[in-house]
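First up is the structure itself, then whatever we jot down about it.
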Amino acid sequence: MTERRYLQDASVREFDATVTAVRGDAVVLDATHFYPTGGGQPHDTGVLRTDDDAYDVVDVDLTDELEHHLDLDGSDDDGGGADADRDDAKLDLAPGDTVVGVVDDARRSAHSRYHTAQHLLSAVLLDEYDARTTGNQLYEDRARLDCEYERFDDDDLDAIESRLSELVAADHPVRWYEMDRDVADAELDTDRTRIDLLPESITELRIVEIGGDGPRGHCEPADAADEPIDRTACAGTHVTGTGEIGDVTVTGRETAGSGEERIRFVLE
């Protein structure tokens, strides 16, 4: 089982690891900071390096195991990254080999900013419109969120953008911690945590919390705030303060289905 270190510290961009399995273009590590596709957040990209070679990480997925898919046609024997002109490269890795993983900073940072912004948007919609989030999709340069609501008008969108800007400017702390699912179900607001949307096989949750008194980053449940702005179950990567999100612009809305609205936004 790969230790998913990004769950504790999303700021790390370079790390050491040991190969535990190799399957075609996929490599399994004993530990990783690469985020796999999930929860509306795309996978990380980057590089896995050995003393003699380097492979671009082009996809990361989590099913039974967390697999790093490598670009076999673009390995580089000087350790400097991919070389798209090479077509004779082979995956020269085996269980027990040590590697250095390097996560693409720009892509990860963008996803973290957008994911935290999405949580803020979910909180604003629930608090001010009683609109519960039903889905989301993040990209490096934009994001969308679906919620239970009949229709937002232009005044609503302006008000939502204004409130988001206030929350970003206040630089509220963002923290996360682990909690037993049964405890979370009994003690936390399920409209916010959206635990019911998670598979029943998940018994331990990672709770992401924004605002209130408390530390930033990974902490213990005892450090949870009494009255946070938002608190939800999430395994994605986040910034440690809302001030890191940047300027938010709500770019529009559309119908996402019967009784559902979709809001789109971008960050500067």
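Nothing in this text is a laboratory measurement; each read-out follows from the coordinates by a stated rule. These figures come from a predicted structure and were not determined experimentally. Please note: Cβ atoms are built from the backbone with ideal geometry, for glycine as well, and neighbour counts cover all protein chains shown.
In table form, for the structure just shown:
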| item | result |
| --- | --- |
| Loop-located GluC sites (Glu not before Pro) in the range 149-199 whose Cβ has at most 13 other Cβ within 10 Å (DSSP) | Glu150 |
| Part-to-part distance (alpha-carbon centres) for the range 90-116 and the range 19-65, which is given in Å | 6 |
| Acute angle (nearest 10 degrees) that the helix 154-169 long axis makes with the longest principal axis of the chain, alpha-carbon atoms | 60 |
| Which label in (i) 20.2, 70; (ii) 19.9, 59; (iii) 19.2, 65 gives the computed Rg and Dmax of the Cα atoms in Å | (ii) |
| Efficiency of FRET from Cβ geometry, Val12 and Asp180, R₀ 22 Å, rounded to 0.05 | 0.25 |
| For Val27, Val102, order by how many other beta-carbon atoms lie within 10 Å, fewest first | Val102, Val27 |
| Contact order normalised by residue count of the chain, Cα under 8 Å, 6+ apart, percent | 18 |
| Residue of Leu167, Leu145, Leu157 that the Gaussian network model of the chain assigns the largest fluctuation, springs spanning Cα pairs under 10 Å | Leu157 |
| Karplus (6.51, -1.76, 1.60) ³J(HN,Hα), θ = phi - 60°, over the range 220-228, in Hz, Gly and Pro reported as x | 9, x, 5, 8, 4, 6, 6, 9, x |
| Extension gain (nm, one decimal) between Glu204 and Thr37, 0.36 nm per residue minus Cα-Cα | 58.2 nm |
